[in-house]
Structures are given as structure tokens and as C-alpha cells.
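Visitor: First, the structure itself, so that you have it in front of you.
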Amino acid sequence: MMMLNVHVPGAHPYDIGDEIWQEPLEDAIRAEAETIAGYAGSELLQSPDQLQRDALRDRVIAEMTRALVGVGDTYRAPDGILCSLTDPYGDERVGKATATPPASPSPSRAVIIPAMAPTVVAVLRFESLPVDERGSRRAVVRWSDGSTGEALRWYEDE
């Protein structure tokens, strides 16, 4: 069993596998690529037309498929969002660290350091979105991991 984690506050992981309640990795990758392309703005697209979004989606699918093969693999999307494959049971049983451990951990004890989702460091700007988008405004921020991207999208009349 694997989980595809999208390191964004509030994002639910994809349960990957062959069971009926699980999702194939390819489908989860496609869904995430669609989300990235759907929310992409001028920092990732030369124009907001569907051809540009489709090209970005296809690029992300290809990159994620190459990068995310087994437990422990990570991928940073063009919008700065980190994705990773984990074994939700194996990490705890085996003690696999999900971040850099201290310099000299005790050899008799496993060190588990939870992966922290990036937080907003600064609001960079507010942008109007094209009419065909979900929402009419968005906030672009700098995240604690140094990346920039959309933090919030809303309709101006809300």
C-alpha cells in the first residue's frame, strides 16, 4: 500500500493500490496534474487558453510518472507543490524518516520526523482571473519552502 501525498494544507492523500477502494497511481497522478494545470496562472502559462493548460498537464504527468515510482520518491511540481509517495504503515513500523534526521541518531531507536507542509511567509499580490476560471480573484504568496504560488481563490463578490 502506498499513499500519494500532496503537501498542501488540507489536501487529502490518495490511497494507491489495486483494491476497489484504492486508486491506481496513474489516475492519482493525472488528477493532480489536472489540478495543477487548472489552477496555473501567468507564472506557469504564457496564456490561459486550454491548449496551454493541456500542455502543462501533459508535462506534469510525464514528470510525475518518471519521478514517483516507489515509496520515498518525491516530485516538486512547477507551481512549487511537493508530492511524495509513502507507505503509511511501513514508515512507522520500520522507522523510515520523512525528513532529514539529526546528525547522530541513536542506532537502537528509529527517528521519525513528520514532513511539515509549507506555510505562508508573505502575500505577494492579488490577481484577477479570466472569466472562464473557477473564481475571479486569487492570492499569490511566498511559501516557507521558498516557492511561490496560489494560496487562495475566491469570487470577488463573496
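Visitor: If you scan the stretch 37-72, which residues turn out to be open to solvent by less than 50 Å² (accessible area, probe 1.4 Å) and in a loop (DSSP other than H, G, I, E, B)?
Guide: A40, G41, L44, L45, S47, L68, G70, G72
Visitor: List the number of the failed condition for S84; all other conditions in (1) of a type in the set (S, T, N, Q); (2) modelled with pLDDT under 90; (3) outside any helix (DSSP H, G or I) hold.
Guide: (2)
Visitor: Can I ask one more? Restricted to the stretch 128-158, and to residues that are among the acidic types (D, E) and either within 15 Å of the chain's Cα centre (by Cα) or modelled with pLDDT of 85 or more (or both), which residue is surrounded by the fewest Cβ atoms within 10 Å (Cβ to Cβ)? Explain how you work it out, then say what you get.
Guide: Looking only at the stretch 128-158, we keep the residues that are among the acidic types (D, E), and these are 132-133, 145, 150, 156-158.
Filter once more, so that each one left must be either within 15 Å of the chain's Cα centre (by Cα) or modelled with pLDDT of 85 or more (or both): 145, 150.
Numbers: D145: 15, E150: 19.
Looking at the filtered set, the residue picked out is D145.
Visitor: Quick check, is E34 of a type outside the set (S, T, N, Q), surrounded by 13 or more Cβ atoms within 10 Å (Cβ to Cβ), in contact with a Lys or Arg (Cβ under 7 Å, 6 or more places away or on another chain) and not in a loop (DSSP other than H, G, I, E, B)?
Guide: Yes; evaluated as a whole, the condition is true for this residue.
The values are calculated or read from the model by the stated rules, or taken from the named source; none is laboratory data. These numbers were taken from a predicted model, which means no experiment stands behind them. Every residue, glycine among them, receives a Cβ derived from its backbone with ideal geometry; neighbour counts consider all protein chains shown. In case anyone asks, the SASA skips ligands and DNA or RNA and just uses the protein heavy atoms, side chains included. Shrake-Rupley method; radii C 1.70, N 1.55, O 1.52, S 1.80 Å.
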